[in-house]
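**Q** Please find one structure pasted underneath; my questions will follow.
The values are calculated or read from the model by the stated rules, or taken from the named source; none is laboratory data. Everything numeric here is computed off the predicted structure, so don't read it as measured data. Because the Cβ atoms are built from the backbone with ideal geometry, glycine has one as well, and the counts that use them run over all protein chains shown.
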Amino acid sequence: MKIVLNKIVFAALSLFALSSCMKDKVKGAGDAGTTIVKMMNPGSKVLAFDAVSTPQTAMLVDIRRDANSEASLNSSTSVTVTLDQAIMDTYNEDNGTAFEFLPAEFFTTDPGMAGNSFNLTFGPGEFAKPIKFTLKDATQLDFSKQYALPLTITTVDAGGKVSDSKSSMVIVLVKNTWDGAYEVTGTMKDEAADLGGVFPMNYHLITSGAVTVDGFDPDYWVDYFIPIMSGADVSGYGGYSPVFEFDPATNKIVKVTNIYGQPAANGRYASLDPSGVNAYDPATKTIKVKFFMHQPASIPAAPHIRVKFDWTMKRTGDR
C-alpha cells in the first residue's frame, strides 16, 4: 500500500550554549583561501514554546565565521542577515503549508533588528554570533495560523564570502497542554476486515489550535496516520487520522474529527465514542479516549462505524 499524505516536516531543534563573545582561535588558520560566513544548522528548524504568558527564550540562528588566517580572525567582519520571503514561499509550496511571518509585536531579539535585517559585526577574535529570540507571550498568538521567521545571510563585507549554508526556515510553534510524545496501549476492532492495532506504539500529539492536537505516527509512516497490523505487516487506513479537541476547563475530550476531512475523499470520518472516559488526567499525564472511524462504503447501515478505537495514551515526554 502506498499512501501519499501532505505533511509538515519538523526538524529537530538543537540548542547551543549562548555567548556574546567567543574568542577561541580557529585551529590551523592559515594564510590561504577566503573567510567564509555561514549559518549553523541550515534548512528548517523548530522553536517550540509552551503556551504560557511569561517570556521564553531560545536561539534563533547561529552565524559563524571561518577565518582564512590569524590576521582575518583578529579583524572585524560585518554581516547582514535578512528575513527572506522567497525561503518561506518555497517551503510552503514544497510542503503544502501556509506559514506567514511572525508579527514583530510578539517577539524581541538580541541583537535587535533594523527593519527586516540583523546587522552583525564579528569583532577581533570572534567566530560565532548567535541571535537570541524571545517570545513575549505565547498565549497571544493566533493558534489557527502557522508562523515562521525565514532568514538568509545576504551580505558580508570585503574579504568575506557567503557560504552555500546560508538560510534557515525557523518555525515558531506554541504547544498547548496536551502536546507531546505518548505511548499508546489499548484495543482496536475493525468490523469490516481482519486488521488489528499496533500496541504499544509511540504516538505524537501535535498542537494545531488552542484546544486541538493532531495525531501523528513518528515511527512507521512518519505522517498523520494510524499504523495498524495486516497479518504480520504494518499497514494503515488511508485518509484517516484523528484530531482531538479538548475543553480546557475540564481536560475532557469534546470532539474527535478526521484531519483529512469530515468526510475525507474516501468517505472516512471520525467521531467521539461517548462511552469512553475521554479525558486527560494531568496528575498521571494520561489520556483515555474511545473514538470511531466511520466508512459508509464498508458499513452501509447508519451510523457506518467501521473501526472502534479504545486508547490509553501515557505521556512520555516532549516530542
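**Q** Hey, does segment 183-190 have a residue that's touching an Asp or Glu at 6+ places or on another chain (Cβ under 7 Å), in a strand (DSSP E or B) and assigned by TED's automatic domain parsing to the domain that holds Thr250?
**A** Within segment 183-190, one or more residues are touching an Asp or Glu at 6+ places or on another chain (Cβ under 7 Å), in a strand (DSSP E or B) and assigned by TED's automatic domain parsing to the domain that holds Thr250.
**Q** Quick test for you: out of Val307, Val289, Val277, pick the one residue that is closer than 19 Å to Pro200 by Cβ, over 26 Å from the mean Cα position of the chain (by Cα), among the hydrophobic types (A, V, I, L, M, F, W, C) and surrounded by 16 or more Cβ atoms within 10 Å (Cβ to Cβ).
**A** Sole residue among the options that is closer than 19 Å to Pro200 by Cβ, over 26 Å from the mean Cα position of the chain (by Cα), among the hydrophobic types (A, V, I, L, M, F, W, C) and surrounded by 16 or more Cβ atoms within 10 Å (Cβ to Cβ): Val307.
**Q** Does Asp194 count as among the acidic types (Asp, Glu) and outside any strand (DSSP E or B)?
**A** yes
**Q** Hey, any hits in segment 120-140 for a residue that's surrounded by 14 or more Cβ atoms within 10 Å (Cβ to Cβ), of a type in the set (D, E, K, R), modelled with pLDDT under 95 and not in a strand (DSSP E or B)?
**A** Looking for residues that are surrounded by 14 or more Cβ atoms within 10 Å (Cβ to Cβ), of a type in the set (D, E, K, R), modelled with pLDDT under 95 and not in a strand (DSSP E or B), one finds at least one in segment 120-140, hence yes.
**Q** Also: Only residues that are among the hydroxyl-bearing types (Ser, Thr, Tyr) and in contact with a Ser or Thr (Cβ under 7 Å, 6 or more places away or on another chain): list them for segment 131-159, please.
**A** Thr134, Thr139, Thr152, Thr154, Thr155
**Q** If Leu173 satisfies every condition in (1) buried (at least 18 other Cβ atoms within 10 Å of the Cβ); (2) at pLDDT 95 or above; (3) among the aliphatic types (A, V, I, L, M) but one, which is the exception?
**A** (2)
**Q** Next up: Of everything in segment 144-170, what is surrounded by fewer than 17 Cβ atoms within 10 Å (Cβ to Cβ), part of a loop (DSSP other than H, G, I, E, B), in contact (Cβ under 8 Å) with a residue 60 or more places away in the chain and not acidic (Asp, Glu)? Give them in sequence order.
**A** Within segment 144-170, Ser144, Gly159, Ser163, Ser165 meet the criteria.
**Q** Taking segment 50-84, which residues are within 16 Å of Phe107 (Cβ to Cβ), at pLDDT 90 or above and part of a strand (DSSP E or B)?
**A** Listed by number, the residues that qualify are Gln56, Thr57, Ala58, Met59, Leu60, Val61, Val81, Leu83.
**Q** With Ala270, Ala301 as the choices, which residue is in a strand (DSSP E or B) and among the aliphatic types (A, V, I, L, M)?
**A** Answer to the selection: Ala270.
**Q** So which residues in segment 210-244 are surrounded by fewer than 19 Cβ atoms within 10 Å (Cβ to Cβ), touching a Lys or Arg at 6+ places or on another chain (Cβ under 9 Å) and within 18 Å of Ile287 (Cβ to Cβ)?
**A** Within segment 210-244, Pro218 is the sole residue that qualifies.
**Q** Under 7 Å by Cβ, and 6 or more places apart or on different chains, what pairs join a residue from segment 275-287 that is in a strand (DSSP E or B) with one that is among the aliphatic types (A, V, I, L, M)?
**A** Taking only residues 6 or more apart or on different chains, the pairs are Ala279/Ile253; Tyr280/Ile287; Thr286/Met313; Ile287/Met313.
**Q** Within 18 Å of Ala193 (Cβ to Cβ) and either in contact (Cβ under 8 Å) with a residue 24 or more places away in the chain or not assigned by TED's automatic domain parsing to the domain that holds Tyr147 (or both): does that describe Ile299?
**A** yes
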